[in-house]
Amino acid sequence: MKLGAHCLRAALLCALSLGLNWLPAANSDASGEPGASVDPPQQDSRGPQGPRRVFKDQVTPHWFANNTRFWYRNDLRGGAKEFIVVHAEQGTREAAFNPVKLADSLSKATGSQYSAEKLPFDRIQFVDDSKSIRFKAGEATWKCTLSSYECMKSAAAETAEENGGDETEASQQRRPGRDARRGEGDESERTSDRSPNGQWTALIKDHNVFLKSRDDDAKEIQLSSDGKEGLAYGRFSWAPDSKSLAVFRIEPGERKEVYLIESSPKGGGRAKLQTRPYALPGDKFTTYELNVFDVATRLQLKPEVDRFEHEWLRPRLHWKKDGRHFTYPQADRGHQRFRVIEVDSQTGAARNILDERSKTFIWTAHTENLNLSTVNWLTNSDELICASESNGWRHLYLIDAGAGKLSNPITTGEWVVRGIDRIDETNRQVWFRASGVFRDQDPYLIHYGRVNFDGGGLLWLTAGNGNHSLQYSPDRRFLIDTYSRADLAPVNELRRVSDGALVCQLESADITELKASGWEAPEVFVAKGRDGKTDIWGLIHRPRDFDPNKKYPLIEDVYAGPQGSFVPKTFSASSRYGSLTRLGFIVVKIDGMGTANRSKAFHDVCWHNLKDAGFPDRIHWMKAAAAKYPGMDISRVGIYGTSAGGQNAAGAVLFHPEFYKAAVANSGCHDNRMDKASWNEQWLGYPVGPQYAECSNIDNAQRLRGKLLLIVGELDNNVPPESTYRFVDALVKAGKDFDFLLVPNGGHGAGGAYAARRREDFFVRHLLGKEPPDRNAQSPGETNIRNE
């Protein structure tokens, strides 16, 4: 059964996101395929050299038992600290106690001298109906009466009287998706060989399905006879009423391997060969043929459904409450069709509850950073909530599974749902996160909202111009909203959950010491892309001694993997590109078309065209920045990246050498036919066609202009290193000059500080026109590597 285009025929399969989990940081040397786009909620408060130089950037609440008050500690400059109590219902914050009086009293009681700014404890506990506080100083526990500030030793052990303990819901909210419903297979799937009523045991014998009764364990009842070597039965799923048994007849896929040579084992001796299974685009995957058996009649049914085919996932069945029907999600190979299929276990009749088709791709693999399950079965009704980009933006929809049709859209608009945090079936509400909801803000910034199942009552819980993270009170009546941007230090607010209103300001980060150290925030810069309409967002990092009257070469840190967006959106006190800006480079980071978290049309640019990598947008962006800031010399532009970013970096000097003059490619996927099937078939499609060769750096090696440094680790367990080796071979055969660094025993993003120094020297030589220091002229005891 197909639903109209308007009614979401679809849900993306979040369970298909089990790939390698590499997170490319802004200046990472190890950004693998499944990168992430959501910045961590915790802010980096350390300065460029390590010590803490940002204060009051985080609020860690300790809620009282009645959930109307909480206290927290602020760590301040010079090692000072303060304790704050917030009255959530009144919207007030105040000192938890008089630190001068407490310090004076405690000094007298202990015989030691304490200052009000540096009291000898980090946590407190309100006791005696909040008339006293208890704390530990040294080896002793003390109690201070707040009316008299008399301090006395307390023999009582610390208990969670009014504070409610440490592990409250508030402290758990930073774990995204904690309450979100797991979708697809759900806990209702049963793969045990024992029937739910305990009467039957299913087993596989001679590749076929047999049953044994609890009443006659010696007798085996054969249910199938068509199982054989290479097409054997396996994977049971019992109906809840034990009347039916679903089993799959399985045809194994190819088990082809990749080979790695460990040339320099730690213990010495011969080199070692390492092998492991590794599916490439076009390889044969395991397929699953669905069979259903009626236990009473021994009748075997073969529902008329396509075989389930996937690189690593197995089909997961969701039995419905009637005990007769079950469903399962199926993403067709090539990622252009996604279905939720329902089967009647008594008749074998099948229908599609959801059926989405796309002329480009449906994002069903490497979705691990979406923070949502795209098929979410409700437990109290025959409904499901699913996510789809079928209307051009990722939104949520309520589906009546019984009728097999759309009930209504839950969210709508030109913005993107980025995660489901909670599904509240009692109140029929979805708590979610999204980006692009405020037109006057960066479209990648995360905001949080709540909406009714019927699409009404949409309420935004956050409003500030920044990337948000939340901590709820245990009863979810209040929340602490922390937000920041790359150019805005963290702000902490208390908000009311019922209407999203601001209750009171808590803290704004103090970055005085950070600025005094010479740190400067990157500039958030936006310019139009290739179409002259779409905003392209990025960051500009300048040298600390930047002189607008001078010219500086540019270096782009690139990662254009379509599974995320990669420009950092939260505040960081670190100097992300300090080693390069100190050498006199301006470093930029950009999200071009073809990456995720914007519209479907924005994302679709990557389809069958990974070599595009958003380069037309990146070049337009840099030209616009140079027009505004003449100190940016776009006649000297370098680029570097790792993994997919390595493919992008090398591609820059193959496909856009008129703009990019030097590139460093680490652990690059230089031919998508030689990298993992799951990632590459998602974006380039299946079967393998001419688009793979068109996007191959290897097949286009003869196009090289400018300077190129290739780096690879011989033990790369993400992208097989022969991808780089064959690129080297193609460059040699094309008569091209280039540099190549092979890192013995190195893994993905190999080389560490040594490779970073080689990268810096490469850019100094080819963009600054200077010769780096002669490292070989140094004495054996001298270091060759900068420690950043």
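Values for this structure:
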| read-out | value |
| --- | --- |
| Those residues of segment 182-212 which are modelled with pLDDT of 95 or more and either of a type in the set (Ser, Thr, Tyr) or part of a loop (DSSP other than H, G, I, E, B) (or both), in sequence order | Ser195, Pro196, Asn197, Gly198, Gln199, Thr201, Asp206, His207 |
| Members of segment 690-718 that are surrounded by fewer than 23 Cβ atoms within 10 Å (Cβ to Cβ) and of a type in the set (Asp, Glu) | Glu694, Asp699, Glu714 |
| Enumeration of residues in segment 571-592 that are within 20 Å of the chain's Cα centre (by Cα) and of a type outside the set (Val, Ile, Thr) | Phe571, Ser572, Arg576, Lys589, Asp591, Gly592 |
| Positions within segment 511-532 being farther than 30 Å from Phe615 by Cβ and buried (at least 18 other Cβ atoms within 10 Å of the Cβ), in sequence order | Ile511, Leu514, Trp519 |
| Filter result for Leu378 (surrounded by 18 or more Cβ atoms within 10 Å (Cβ to Cβ) and either over 23 Å from Asp421 (Cβ atoms) or touching a strand residue (DSSP E or B) at 6+ places or on another chain (Cβ under 7 Å) (or both)) | no |
| Complete set of residues in segment 361-419 that are assigned to a loop (DSSP other than H, G, I, E, B) and of a type in the set (Val, Ile, Thr) | Ile362, Thr364, Thr367, Thr374, Thr379, Ile410, Thr411, Thr412 |
| Output for segment 468-523, where each listed residue is hydroxyl-bearing (Ser, Thr, Tyr) and not in a strand (DSSP E or B) | Ser473, Ser498, Thr512, Ser517 |
| Near pairs, Cβ below 6 angstrom, 6+ apart or cross-chain, from segment 293-308 (without any contact (Cβ under 8 Å) to a residue 60 or more places away in the chain) to any residue that is among the small types (Gly, Ala, Ser) and part of a loop (DSSP other than H, G, I, E, B) | Leu301/Gly348; Pro303/Gly348 |
| Of all residues in segment 68-82 being closer than 20 Å to Tyr472 by Cα and over 32 Å from the mean Cα position of the chain (by Cα), the one that is surrounded by the fewest Cβ atoms within 10 Å (Cβ to Cβ) | Thr68 |
| Residue count for segment 321-358, restricted to those that are open to solvent by 20 Å² or more (accessible area, probe 1.4 Å), at pLDDT 95 or above and either hydrophobic (A, V, I, L, M, F, W, C) or farther than 22 Å from Val417 by Cβ (or both) | 10 |
| Filter result (open to solvent by 50 Å² or more (accessible area, probe 1.4 Å) and more than 12 Å from Ser345 (Cβ to Cβ)) within segment 236-262 | Glu251, Pro252, Glu254, Arg255, Lys256, Glu257, Tyr259, Ile261 |
| Condition met for Leu119 (part of a loop (DSSP other than H, G, I, E, B), touching a Phe, Trp or Tyr at 6+ places or on another chain (Cβ under 9 Å) and surrounded by 20 or more Cβ atoms within 10 Å (Cβ to Cβ)) | yes |
| Qualifying residue in segment 71-90 (condition: of a type in the set (Lys, Arg), under 30 Å from Ser574 (Cβ atoms) and in a helix (DSSP H, G or I)) | yes |
| 2 or more residues hydrophobic (A, V, I, L, M, F, W, C), open to solvent by 10 Å² or more (accessible area, probe 1.4 Å) and in contact (Cβ under 8 Å) with a residue 40 or more places away in the chain: qualifying helices (runs of 4 or more DSSP H) within segment 609-689 | 615-628 |
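The values are calculated or read from the model by the stated rules, or taken from the named source; none is laboratory data. Keep in mind that this is a model prediction, so the values were computed, not measured. Here Cβ is always computed from backbone atoms with ideal geometry, including for glycine, and neighbour counts include all displayed protein chains. Remember, those area values only see protein heavy atoms, side chains included, never the ligands or the DNA or RNA. Shrake-Rupley method; radii C 1.70, N 1.55, O 1.52, S 1.80 Å.
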